[in-house]
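Taking it in order: structure first as structure tokens, then the write-up.
The numbers here are math on the coordinates, done by the rules we state, and not lab data. These figures come from a predicted structure and were not determined experimentally. Using ideal geometry, Cβ is built from the backbone for each residue, glycine included, and neighbour counts are taken over all protein chains shown.
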């Protein structure tokens, strides 16, 4: 299954603190998930709300939530995440 994981800054965390955290390279576990193919895409949010959007490949929602909750960036209070299941767009709905 695939999941979209959308982040928000943790309470009291500034854009500058978030960027500093990423630059310090403290999230080694995240990069390991990329190497294993669990994180399929890792995108930077632009605009007024900084953060990340991640596309995860997991067995189920419980595994996705467990991986996110175990991430240092969450444990350190830098980001919070919402996890939503997704599927490819069903072209049959538009007559394709």
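Per-structure values
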read-out: 81, 89, 3 arranged by Cβ crowding within 10 Å, fewest neighbours leading; value: 89, 81, 3
read-out: Degrees separating the helix 61-70 axis from the principal Cα axis of the chain, which is the longest one; value: 10 degrees
read-out: Å³ per residue enclosed by the Cα convex hull of the chain; value: 118 Å³
read-out: Sites residue 40 and residue 17, calculated FRET efficiency, Cβ-Cβ separation with R0 30 Å, nearest 0.05; value: 0.65
read-out: Least to most buried among 20, 59 (fewest other Cβ within 10 Å first); value: 59, 20
read-out: Extension gain from residue 87 to residue 49, taking 0.36 nm per residue of separation minus the Cα-Cα distance; value: 11.1 nm
read-out: Within the chain, helix-based [θ] at 222 nm, where runs of 4 or more DSSP H residues each add -39,500 (n - 2.57), nearest 500; value: -8500 deg cm²/dmol
